[in-house]
Amino acid sequence: MQIDIKSREARLADNPTLEKKSIDVVSKILSKNDIKANELRQRYKELGLYVINLMSSPGSGKTTFLESLSQRRDFRFCVLEGDLQTNRDAQRLMDKGVSAYQITTGEACHLEAAMIESALNKLQEQCDMAQMDYLFIENVGNLVCPASYDLGAHLNIVLLSTTEGDDKILKYPTMFMCADAVIISKADVMEYMGFSVERARADLAQLKANVPLFLLSSKQEQSIESVCNFIAQKRAQNYQSTHKF
């Protein structure tokens, strides 16, 4: 006698008592990092800190921008620095009088919320948070991995250097889709690099509508002030990024 062995799917399909429904699962199961990021949001609130996550490829000028901010007495901030190795960037900022703590990731090409929690504990030991309005997280230089990890920041700002070329926005869409603002850095050499702001703006609009775009040069005080004013305005509005990592 031959036994007809049906698959589970076939047996279910042949069962007349079952009501067939198609269910779309749309809710995201929170990862460990997401849970920790939510905890960080509460901690930032308790400390009275407005937090900015700076992301870019290596050498775009994140640390130089923060050095420029250190000259502004009305802009009180501290910094968590992320790099694979060395504490050079943190030391650069400390030399300017900025409270900074270095996170050395080893082989990790991004920062995670648990790293921020641990480093924030260390930073609190050397810095009076009551005297700070802002916390900058200078992420590891990389246009891929940091775009996948929520750090609980209020603002996610991506820097794109003119020396990298104006084609990077659509080449690395995940990074720029998480941006609440984009800064085109090293704008003073733009004409020598053949960088097109119009192309960058058009590419950005394809990914995400109405993202503010700033031109920044460490040699042009007005450009630094424009970014500062934007950040201060977002803090006054208690703006919180809605991007889902």
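The values are calculated or read from the model by the stated rules, or taken from the named source; none is laboratory data. These figures come from a predicted structure and were not determined experimentally. When we count neighbours, we look across all protein chains shown, and the Cβ atoms used for this are built from the backbone with ideal geometry, even at glycine. The accessibility values were calculated without ligands, DNA or RNA, using every heavy atom of the protein model including side chains. Shrake-Rupley method; radii C 1.70, N 1.55, O 1.52, S 1.80 Å.
Each Cα pair under 8 Å and six or more residues apart adds its separation to the average, and for segment 164-240 the resulting relative contact order is 34 percent. Taking the longest Cα principal axis of the chain as reference, the axis of helix 32-47 is set at about 40 degrees. Relative to the current alpha-carbon distance between Glu198 and Thr174, full extension at 0.36 nm per residue lengthens the span by 6.6 nm.
Close amide H contacts of Leu215 (hydrogens built in the peptide plane, cut-off under 5 Å, sequence separation of 5 or more or a different chain): Ile184.
When ranked by the protection proxy of mean other Cβ atoms within 10 Å per residue, highest first, what sequence do the peptides 179-192, 99-112, 207-220 form? Display every interim value, and only then the final one.
Details: 179-192: 19.8, 99-112: 17.9, 207-220: 15.0.
Listed from highest to lowest mean packing, they are 179-192, 99-112, 207-220.
If I compute solvent accessible area with a 1.4 Å probe over the protein chains, what percent of it on the chain is carbon and sulfur? Taking all protein chains in place, the chain shows 49 percent carbon and sulfur surface.
What you get for segment 79-143, charging only the Cβ of Lys and Arg (+1) and of Asp and Glu (-1), is a dipole of about 160 debye around the Cα centre. Could you state the angle between the C-alpha long axis of helix 113-126 and the longest principal axis of the C-alpha atoms of the chain, as a value from 0 to 90 degrees rounded to the nearest 10? Long axis of 113-126 versus the principal axis of the chain: about 30 degrees.
At 222 nm, what helix-only mean residue ellipticity would the chain give, in deg cm²/dmol to the nearest 500, using -39500 (n - 2.57) for each DSSP H run of four or more?
Details: 10 runs with 93 residues, N = 245.
Theoretical 222 nm ellipticity from helices: -11000 deg cm²/dmol.
The phi torsions of segment 227-233, fed into the Karplus equation with coefficients 6.51, -1.76 and 1.60 and a -60° offset, translate into couplings of 5, 4, 5, 4, 5, 4, 5 Hz, rounded to whole numbers, with Gly and Pro shown as x. Comparing Gly152, Gly141, Gly165 in a Gaussian network model of the chain, where Cα atoms under 10 Å apart are tied by springs, the biggest mean-square fluctuation is seen for Gly165. Of the residues Ile184, Asn33, Ser57, the one whose Cα sits farthest toward the positive end of the charge dipole of the chain, with +1 on the Cβ of Lys and Arg and -1 on the Cβ of Asp and Glu, is Asn33. The relative contact order of segment 33-116, computed from alpha carbon pairs under 8 Å that lie at least 6 residues apart in sequence, is 29 percent. For Cα extents along the principal axes in Å, pick the label among [x] 88, 46, 37; [y] 49, 43, 38; [z] 57, 46, 43 that corresponds to the value derived from the coordinates. The calculated read-out lines up with [x].
Set the Förster radius R0 to 22 Å, insert the Cβ-Cβ distance between Val189 and Glu225 as r into 1/(1 + (r/R0)^6), and round the FRET efficiency to 0.05. List each step's numbers first, then the result.
Working: r = 20 Å, r/R0 = 0.91.
Efficiency, from the Cβ-Cβ distance: 0.65.
Taking 4.7 Å between C-beta atoms as the pairing limit, the chain has these partnerless cysteines: Cys78, Cys127, Cys178, Cys228. Could you go through segment 90-98 in sequence order and give the Karplus-derived ³J(HN,Hα) for each residue, using 6.51 cos²θ - 1.76 cosθ + 1.60 with θ = phi - 60°, rounded to whole Hz, and x for Gly and Pro? Each residue's phi maps through the Karplus curve to give 4, 5, 4, 6, 4, 5, 8, x, 8 Hz. Normalising the average separation of contacting C-alpha pairs (under 8 angstrom, six or more residues apart) by the number of residues puts the relative contact order of the chain at 21 percent.
Based on protein heavy atoms only, the chain ends up with 54 Å² per residue of surface accessible to a 1.4 Å probe. Residues of segment 148-183 with an amide N closer than 15 Å to a point placed 7 Å from the Cα of Asn38 along the Cα-to-Cβ direction: 150-153.
Charged neighbours of Arg76, selected by a Cβ distance under 15 Å, balance to +1 (K, R count +1; D, E count -1).
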